[in-house]
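Encoded as structure tokens, the structure appears first; notes follow it.
The values are calculated or read from the model by the stated rules, or taken from the named source; none is laboratory data. What you see is a predicted model, and the numbers here were worked out from it, not measured in a lab. Because the Cβ atoms are built from the backbone with ideal geometry, glycine has one as well, and the counts that use them run over all protein chains shown. The protein model used for the area step is the full one, side chains on, heavy atoms only, and it has no ligands, DNA or RNA in it. Shrake-Rupley method; radii C 1.70, N 1.55, O 1.52, S 1.80 Å.
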Amino acid sequence: MERIRVATSREYDVVIGGGILSQLGELMKPLIKGRTCAILADDTTSSLFGEAVRASVSSAGFKTVEYIIPHGEESKSAENFIAILNFLAENKLTRSDCIVALGGGVVGDLSGFVASSFLRGIPFVQVPTTLLAAVDSSVGGKTAINLSAGKNLAGAFYQPCLCLCDTDIIKNLPEDIFADGMAEVIKYGAIKSVRVLELIKLGAYENLEEIIAECVRIKRDVVSEDEFDTGLRQLLNFGHTPAHAIEKLSGFEISHGKAVAAGMCIMARAAENMGLCDKGIAAETEELCRAFGLPTSCVFSPEAMVEVAMSDKKRGAGGITLVVPKTRGESVLRKVPDCEIIEFFASGAEERK
Ligand SMILES: NC(=O)c1ccc[n+]([C@@H]2O[C@H](COP(=O)([O-])OP(=O)(O)OC[C@H]3O[C@@H](n4cnc5c(N)ncnc54)[C@H](O)[C@@H]3O)[C@@H](O)[C@H]2O)c1
Ligand SMILES: [Zn+2]
């Protein structure tokens with residue numbers, strides 16, 4: 001079992017290990033003063049793990065109430081946000097009680113935002129059940145809901161008091177959902193860790209605990225230096241500028257992980273073609289993505305992608321900061337003027353044979 005301390009404005013541990021879901025209640029006990037625990041889950045995660053979570057927190061002395069949302073991105077809505085706040089108020093939760101988010105990034109983001117607002121903030125625990133949630137959304141304190149104008153437009157920076165990741169849950173994910181998370185894992189390798197790249201090659205399933213721990217440490221380190229997303233944290237966006245364009249152009253039919261995989265390959269090929277990184281980086285990025293059935297290119301034109309990227313909310317004045325690979329396990333931030341973005345997307349578009 002790995003225990004990783006995250007030292008943001010509120011410090012907490014990320015605990016990672018096989019079969020540790022049953023220890024949830026015991027781990028929560030010293031952290032939560034209240035006696036009521038609201039479990040928020042989607043229909044899938046509730047039916048798979050709800051019983052085990054209820055048993056663990058009940059045996060640690062907590063009373064449980066449960067709110068279940070339908071699975072899927074549409075559930076990260078303002079309507080569910082309000083409905084859950086009302087549910088917590090009706091069940092008379094106090095500021096010393098807690099929320100347990102049992103699910104992927106949708107449940108985690110929504111629950112975290114609810115936790116940040118209910119009574120101006122109550123403790124919450126993340127129990128990520130997807131690989132993406134384990135290595136990405138459950139660490140870093142970004143919480144959000146979607147508005148009709150776009151994704152993640154309302155939210156808060158709010159840290160959990162504990163994050164528990166049972167790697168047995170992640171190992172048993174449907175292949176497709178596992179692959180989506182692997183795109184983010186490959187991302188961590190590409191920006192900061194040769195070790196992650198090597199571990200993936202040795203066997204992602206066999207080395208899952210170490211891989212997740214390494215990714216969490218990388219995100220922890222980046223986030224501790226830039227908790228409120230003003231600079232360094234942008235490194236975590238490797239592949240994400242093209243990915244966001246791909247997601248939007250596909251009408252969100254292409255999943256985030258698949259879009260990120262294609263986006264990383266586009267950026268790696270562009271960097272290599274433009275002489276900005278070592279030779280072989282693009283081939284390795286493609287090879288890692290292919291190994292999990294992830295795409296390495298997309299059908300959209302560079303022109304269409306640039307148009308979407310230019311309207312991105314994260315765009316700073318006078319250009320975009322792109323994450324560009326430099327060598328194995330190292331990428332750098334590069335501010336690119338608007339007129340040069342097309343060069344990257346066009347240069348990286350062609351898939352290598
Ligand atoms: N807060 C952040 O920093 C951050 C970072 C990245 C992504 N996100 C957000 O995360 C969300 C995506 O997260 P996600 O990919 O986990 O999506 P998700 O929560 O929708 O989960 C994907 C699907 O997997 C199912 N599922 C979850 N656990 C399962 C399990 N163990 N076995 C079988 N099925 C399971 C879910 O029911 C769902 O249908 C997006 O809303 C995105 O905006 C947030
Ligand atoms: Zn991502």
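Things to note:
- Long-range HN-HN contacts of LEU153 with modeled amide H, under 5 Å: ILE145, LEU147
- Placing dummy labels 7 Å off each Cα toward the beta-carbon, the span from ASN172 to LEU147 is 4.0 nm.
- The stretch 176-349: relative contact order in percent, alpha carbon pairs under 8 Å with at least 6 residues between: 28
- Karplus-based coupling profile of the stretch 95-108, in residue order and whole Hz: 5, 9, 7, 8, 10, 10, 8, 10, x, x, x, 5, 5, x, with θ = phi - 60° in 6.51 cos²θ - 1.76 cosθ + 1.60 and x standing for Gly or Pro.
- Relative contact order of the stretch 2-171, taken over Cα pairs closer than 8 Å and 6 or more residues apart, is 27 percent.
- When each of the peptides 282-288, 19-25, 47-53, 107-113 is scored by the mean number of other C-beta atoms lying within 10 Å of its residues, the order from highest to lowest reads 107-113, 282-288, 19-25, 47-53.
- Coupling constants for the stretch 42-58 follow from the phi torsions by the Karplus curve (6.51 cos²θ - 1.76 cosθ + 1.60, θ = phi - 60°), and in residue order they are 9, 4, 5, 5, 5, 6, 7, 10, x, 4, 5, 5, 4, 4, 5, 6, 5 Hz; glycine and proline get x.
- For GLU287 and ARG95, the difference between the fully extended length at 0.36 nm per residue and the C-alpha to C-alpha distance is 64.3 nm.
- The loop-placed trypsin sites (Lys or Arg not before Pro) in the stretch 255-302, going by DSSP, that have at most 13 neighbouring Cβ atoms within 10 Å of their Cβ come out as LYS279.
- Two-site FRET efficiency, VAL299 against MET274, from Cβ-Cβ distance with R₀ of 22 Å, rounded to 0.05: 0.45
- Solvent exposure, largest accessible area first (probe 1.4 Å, DNA, RNA and ligands not counted), of ARG35, ARG120: ARG120, ARG35
- Amide H to amide H distances under 5 Å link VAL336 with ILE320, THR321, LEU322, where only residues 5 or more positions off or on other chains count and H is placed in the peptide plane.
- Once C-alpha pairs closer than 8 Å and six or more residues apart are averaged by separation and normalised to the residue number of the chain, the relative contact order reads 15 percent.
- Per-residue [θ]222 nm for the chain (sum of -39500 (n - 2.57) over DSSP H runs n ≥ 4, rounded to 500): -14000 deg cm²/dmol
- For the stretch 266-303 and the stretch 1-45, distance of Cα centres in Å: 37
- Classification of the stretch 56-122 by its C-alpha gyration tensor yields an oblate form. The axis ratio a/c (a ≥ b ≥ c) is 1.5 or more, and b/c is at least a/b.
- Amide H contacts of SER77 (H built 1.01 Å from N, under 5 Å, at least 5 apart or other chain): ASN146
- Carbon and sulfur %, accessible surface of the chain computed with the full protein complex present, 1.4 Å: 52
- Heavy atoms of THR64: accessible area, 1.4 Å probe, square angstrom to 10: 40
- Residue-normalised accessible area of the stretch 176-349, given per residue in Å² at a 1.4 Å probe: 40
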